[in-house]
Each structure stands twice: as structure tokens, then as C-alpha cells.
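Q: This is the structure I want to talk about, given as C-alpha cells.
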Amino acid sequence: MDTNLLHYTARRFRLTEQPGYELSGGHFNHVYEAVREGKDCILRLTPPGSEIDLQAMHAITAWMGYLAWHGAPVARPLPSENGNLVEEMRSQGRVYLASLFEKAEGILAQDVPPEWWQTAQLEKLGQVVGKLHALSRSYSPPPELRRPQWDQVINLFNPSEQLDDSHLIIRQRQAELLQAVKGLPKTIDGYGLVHADLHFANFIVDPASGAITLFDFDDCVYGWYVMDIAVPLLDALVVFPKEDPDEFASYFLNCFMRGYLEENDLDAGWLREPLRLFLSLLEINLYTTLYKLDATGMDDPWVRKFMAGRRERIEAGLPYTALPESVGNHRGYYSSPLGDQSDEYNRI
């Protein structure tokens, strides 16, 4: 990265010092730790040619600002000296989009030991997502700050890659799922602005306090709220593999939805056939994106775990996981498949 670009960006956002080394995990963005007024921050520079333009970035940060202002635990965007949440910064004939965010305390959720995710923590995660969706209902931005519909841009539910002719069965299954999903009702109680990428590498947890902070809203779109339930459920089943994944899925959903329903109403019907549809569509779309990488011997633990036997399961028409008959209203005690900590954490 051009040091002059970093210098001028630091001045524009009133940083105490020029950002240091670049953090990993930014994909196409360049991400740096920074300090402003004694507080740790995250500086992000989006390079030219990425999928996000200035208007899109304004819409994304406006949504994040709204959420933070109304008490949702998200990485709060911070304004520049000009009062803007996004600044265009030019370097060597190229234009970068610069934005600054408060840094959350903690570590990536995917790096927390599996045994930490007991009932209380999964309920907290559901509560955070429920708060996000409750605020989505009241969010009414001007037209220039509206995000696209879920099938108008590339995301986990609408990938850019296409499978070749050797995958005709999976392609047919994918087409059937898309047709079924597009037939779902777009009601105010089930459809709105969603994160759409809520895997365990896109939120921070503080093991000491239990706080959860969401970030990386680049893929936020108008879609069904159950999308933001399907993504963390599928990811949890990969990150925390268990001998009985169906049992864990039931445990996860019961805990997650008990927290979710404290913040937002969602009819139980969305957690049956619609959730099954989204899990299957997500499974196929991830396979579509990853199978070429897997064929090249990509040494990524997540990819290896997800892709193992995946084609055979999809072609056989097996569901990603069995879903419980009722969710979120169970009473009594349930033995955590993640390992016990105490009775306090097993009450649901």
C-alpha cells in the first residue's frame, strides 16, 4: 500500500498516528489497526475494481450507523474530518474508498473454543441477530441509500460461479431451490434488510463479557430474515463438527431462537420449510463456489470439512441437517453437544 495514501487517509480521519501493519482476513479490502483520540479503530481501504462503489459504501455505512445509533452491537462507523462516513482517497491515479470503524473488544467467533458456545452464548447470538432484524423493520433510507435485493448482487445466496455440465443433477437441484425461494412471501415480518453473511468470521466475541459485535456488512441486502439464521447454523455445523449434527442443529436453533425472540417476532413457520430451503441453497452455492478450489488441493480446514462428501450428499438429495419440529420454546434442561460447563449453561 502507498505510504502517502495511508498518510493522507490518516489525516482525513484524524488518526493519532499513521496505521501500522495490514491485518489479515480483509479479502479484497486493505484493513489496518488505527488509533483516534486514544481509542482503537479499524481503518478500511477498498481498492478500485472491487464490487463495492461509492454509493454502495455510503448505503452500507449508513445502515451500520443506524444500527449502532439504536443500540445494536455492530462496529460503529466513524466520520472523517469532513463529517463523511466514506471518503474517496486518490493514489497514483487510483481511487480507494476509506472508512473507519470502532474496534470491538475480543476475538473472531470462529477462534473461540467450541466449549465456550453454551446455551447462554448461543442465546446471546440470537438476541443480537433479532435486534438487527427488529431495527431493519423501522429502517427507511432515502432511495440513494437503499441496498439491492438479494438476487441483484453477488452473495452467498446468489453466487457468480456456475457449475459445469458434469454437475447436471446439482444444477437442476439449484434451479428448483431458487424457484421455490423466489416464491416465498415478502412480508414485513419476514423480509427486510439482512446481513446475509453472518458466518463465524464476521463477528467478534469477548469471552470475558460475552459481548458479540457484528461487522462486515458489505453483503447486506433486502432478503428474508431466515437467511441470517441459515448462515450461522450452517457455519456452526462446519466449524464445530459433531458425531450427531442433527442433535447439535436442534440445540443451536433452540438456544439461538430463544434469544432471537426476545428482540424480534418471527413466525415459527419460517423455521421449517423456508429454513430448509435456504440451508440447501446455501449448501449448493458454497459447493459451487468452492469445488474448483477444492480440486486444486486448497489447504483450508473449513473448505476441507465442508467439501468432504458434499457432492454425494447433494446429489442424493439429503438435507443439510434435520430440523427440529418446534424451535425456541423448549422448557427444561438439554445436554449441550459442545460439552458441559455447568447446569446454568444447560438451561433452555
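The values are calculated or read from the model by the stated rules, or taken from the named source; none is laboratory data. This structure is a prediction, so every number in the text was calculated from the model and none was measured. All Cβ positions, glycine included, derive from the backbone under ideal geometry; neighbour counts span all protein chains shown.
Q: Just checking, how many residues over segment 168-179 are under 30 Å from residue 52 (Cβ atoms) and surrounded by 10 or more Cβ atoms within 10 Å (Cβ to Cβ)?
A: From segment 168-179, those under 30 Å from residue 52 (Cβ atoms) are 170-171, 174-175, 177-179; that's our starting set.
Now drop any that are not surrounded by 10 or more Cβ atoms within 10 Å (Cβ to Cβ), which leaves 170-171, 174-175, 177-178.
The qualifying residues number 6.
Q: Further question on the same structure: Tell me whether segment 46-64 contains one or more residues that are of a type outside the set (D, E, K, R), part of a strand (DSSP E or B) and crowded, with 17+ Cβ neighbours inside 10 Å. Let's see the steps before the verdict.
A: Of segment 46-64, the ones of a type outside the set (D, E, K, R) are 46-50, 52, 54-64.
The next check asks that each one be part of a strand (DSSP E or B); those that pass are 46.
Going one step further and asking which of them are crowded, with 17+ Cβ neighbours inside 10 Å, we end up with 46.
Yes; the residues of segment 46-64 include at least one that is of a type outside the set (D, E, K, R), part of a strand (DSSP E or B) and crowded, with 17+ Cβ neighbours inside 10 Å.
Q: When you check residue 61 against the structure, is it of a type in the set (Ser, Thr, Tyr), in contact with a Leu (Cβ under 9 Å, 6 or more places away or on another chain) and either more than 25 Å from residue 139 (Cα to Cα) or not assigned by TED's automatic domain parsing to the domain that holds residue 205 (or both), yes or no? Let's see the steps before the verdict.
A: Working: of a type in the set (Ser, Thr, Tyr): yes; in contact with a Leu (Cβ under 9 Å, 6 or more places away or on another chain): yes; either more than 25 Å from residue 139 (Cα to Cα) or not assigned by TED's automatic domain parsing to the domain that holds residue 205 (or both): yes.
Here the answer is yes, as residue 61 does meet what is asked.
Q: Turning to a different aspect of this structure: Report, ordered by the first and then the second residue, all pairs with beta carbons closer than 7 Å, sequence separation of six or more or different chains, a first member in segment 68-86 that is in the same structural domain as residue 195 (by TED's automatic domain parsing), and a second member that is buried (at least 20 other Cβ atoms within 10 Å of the Cβ) and not in a loop (DSSP other than H, G, I, E, B).
A: none
Q: Among the helices (runs of 4 or more DSSP H) contained in segment 265-344, which hold 2 or more residues that are closer than 24 Å to residue 167 by Cα and either modelled with pLDDT of 95 or more or of a type in the set (Gly, Ala, Ser) (or both)? Walk me through how you get there before you give the answer.
A: Details: elements: 273-295, 301-307, 310-315.
Because the criterion is at least 2 residues that are closer than 24 Å to residue 167 by Cα and either modelled with pLDDT of 95 or more or of a type in the set (Gly, Ala, Ser) (or both), the helices (runs of 4 or more DSSP H) in segment 265-344 that meet it are 273-295, 310-315.
Q: Can you work out which of the residues in segment 292-322 that are more than 21 Å from the chain's Cα centre (by Cα) and touching a residue at least 60 places away in the same chain (Cβ under 8 Å) is surrounded by the fewest Cβ atoms within 10 Å (Cβ to Cβ)?
A: We begin by selecting, within segment 292-322, every residue more than 21 Å from the chain's Cα centre (by Cα); these are 292-299, 308-319, 322.
When the remaining residues are screened for being touching a residue at least 60 places away in the same chain (Cβ under 8 Å), the result is 292, 311, 314-315, 317, 322.
Working: 292: 12, 311: 16, 314: 19, 315: 13, 317: 9, 322: 13.
Among them, the one singled out is 317.
Q: Now for a different question. Just to be sure before I move on: is residue 262 farther than 28 Å from residue 179 by Cα, modelled with pLDDT of 95 or more, surrounded by fewer than 18 Cβ atoms within 10 Å (Cβ to Cβ) and in the same structural domain as residue 137 (by TED's automatic domain parsing) in the structure I sent? Explain how you work it out, then say what you get.
A: Details: farther than 28 Å from residue 179 by Cα: yes; modelled with pLDDT of 95 or more: yes; surrounded by fewer than 18 Cβ atoms within 10 Å (Cβ to Cβ): yes; in the same structural domain as residue 137 (by TED's automatic domain parsing): yes.
For residue 262, the condition - farther than 28 Å from residue 179 by Cα, modelled with pLDDT of 95 or more, surrounded by fewer than 18 Cβ atoms within 10 Å (Cβ to Cβ) and in the same structural domain as residue 137 (by TED's automatic domain parsing) - is met.
Q: Just to be sure I understand, how many residues within segment 65-83 are in a loop (DSSP other than H, G, I, E, B), within 27 Å of residue 128 (Cα to Cα) and out of contact with any strand residue (DSSP E or B) (no Cβ under 9 Å at 6 or more places or on another chain)? Walk me through how you get there before you give the answer.
A: Residues of segment 65-83 in a loop (DSSP other than H, G, I, E, B): 70-73, 75-76, 79-83.
With the extra rule that they be within 27 Å of residue 128 (Cα to Cα), the set shrinks to 70-73, 75-76, 79.
If we keep only those that are out of contact with any strand residue (DSSP E or B) (no Cβ under 9 Å at 6 or more places or on another chain) too, we end up with 70-71.
The qualifying residues number 2.
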